[in-house]
Structures are given as structure tokens and as C-alpha cells.
Amino acid sequence: MNSPLLPFDTRLAAHARIASTKQEVCARILRLAYERGAFGIIPDEVAEAFGCNHNHTSPRISELLKAGLLVDTGRTRPTRSRSPAKVLIHFEFAEATDVTVSRAEKARMRGQD
């Protein structure tokens, strides 16, 4: 007797396969951003520091921006190919003058309602 094939969501399988790697990459990006302080990071610098292509780190950077853990300063800096790139900083270094993160939001991100 043949059993029917169950539906298989390849997206979920792929996500499960790389979930720990995603967390590690996010942690490394946040650590680098924190170490750079107010100078910040650009995606090209992250890829160079990690010795990989920016396509590996850019999705994680986008996730960290969406989560409010990285903040766009409104400044730019040239990449290795001289293209302008947004300068991002760790939320701990966000200043009210160059980003739109309130003190209440910073406290919430730290878990201190």
C-alpha cells in the first residue's frame, strides 16, 4: 500500500536549517555595530569584516533594522566601489538629533519598560 506524500514547505525547512546561523550572524552584526559606536557600520563593511558577500549579511541587517536594533543615522559613507551606503548604528548609540528613537523606545528595546 502506498502512502500519500505529505505537503512539504521548503521555506520552513530552509528556515529551520539556517535558524541558528541567522542568530549567530545577527549577533555578530550587532557586536560589530556596538564596537564601532557612533561611527557606525555600512553593509559593505560588515561583509568585508566577515569575509563574505554582502548578500549573506544584508537580509540580517534588514531584520535588525526592522527590529529597531540597528538604526539608520541618515548619514552615508562610500562603499569599496564608491557607492553611497546608509550608515547604521547600534540602537544604544542612537541620538535624538540624528535618528527618530525616543527614550521610551530605547528603554523598551533594552527591556526596561
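Could you tell me which residue of segment 1-50 is farthest from Ala94 (Cα to Cα), considering only residues that are at pLDDT 75 or above and aromatic (Phe, Trp, Tyr)?
Of everything passing the filter in segment 1-50, Phe50 is farthest from Ala94 (Cα to Cα).
Please determine, by comparing only the residues of segment 38-58 that are small (Gly, Ala, Ser) and on the phi < 0 side of the Ramachandran plot, which one is surrounded by the most Cβ atoms within 10 Å (Cβ to Cβ). Spell out the reasoning first.
Narrowing segment 38-58 to residues small (Gly, Ala, Ser): 38, 40, 47, 49, 51, 58.
This time we only want the ones that are on the phi < 0 side of the Ramachandran plot, so: 38, 47, 49, 58.
Numbers: Ala38: 12, Ala47: 19, Ala49: 15, Ser58: 14.
Taking the candidates together, the pick is Ala47.
Does Arg82 satisfy the criteria of being at pLDDT 95 or above, surrounded by 16 or more Cβ atoms within 10 Å (Cβ to Cβ) and out of contact with any helix residue (DSSP H, G or I) (no Cβ under 8 Å at 6 or more places or on another chain)?
So Arg82 does not fit the description; no.
Being under 12 Å from the mean Cα position of the chain (by Cα), assigned to a helix (DSSP H, G or I) and under 16 Å from Pro78 (Cβ atoms) is the filter here, so list the residues in segment 30-44 that pass it.
Passing the criteria: only Pro43.
Considering only residues that are hydrophobic (A, V, I, L, M, F, W, C) and assigned to a loop (DSSP other than H, G, I, E, B), which ones fall in segment 45-54?
Cys52
The values are calculated or read from the model by the stated rules, or taken from the named source; none is laboratory data. Since this is a predicted model, take the numbers as computed values, not measurements. So basically every Cβ, Gly included, is an ideal-geometry build from the backbone, and we count neighbours across all protein chains shown.
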